[in-house]
Amino acid sequence: MYVCICNAVTEDDVYGCMASGACNSAKDVKAACGMKPGCGSCTKRIHAMVSEFRTASELADALTGGPHPLTAVPEPTAPEQIPAEAIAPESERDRKGAAPPTAA
Ligand code: FES
């Protein structure tokens, strides 16, 4: 849904700007979305969206203990580098062709 008809800015555009962390005010959102001065009827709606987003972010931080920094995901280990003792016993039985255990 459009938030600003004059600049064709949608709710997704505004939420995207706020989620990037660069926008803490309606003025920041307007600048980040590249909005030019227009009729101004969207300003109240953008203020409300920023306020809702900040409240939600603060609540999430309070519940989770604060924002967590992004961490790099380690490179996956190649299968040939995995020690044999780390492989599940079922995998070794399957390679040798042994029948899986049956229920008694
Ligand atoms: S609706 Fe945003 S400036 Fe007109």
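Here each label is just a point 7 Å from Cα along the line to Cβ, and for GLU80 and SER51 those points are 6.3 nm apart. Between ALA31 and ASN7, the contour length at 0.36 nm per residue exceeds the Cα-Cα span by 7.5 nm. Each Lys or Arg adds one and each Asp or Glu takes one away; over the other residues whose Cβ falls under 15 Å from the Cβ of GLY38, this sums to +4. Length available on full extension from LEU59 to LYS44: 0.36 nm per residue minus the Cα-Cα distance, which gives 3.1 nm.
Values quoted throughout were computed directly from the atomic coordinates according to the rules given, and no laboratory measurement underlies them. No experiment lies behind these values; they were computed from the predicted model shown. FYI the Cβ positions are ideal-geometry reconstructions off the backbone, even for glycines, and counts take in every protein chain you see.
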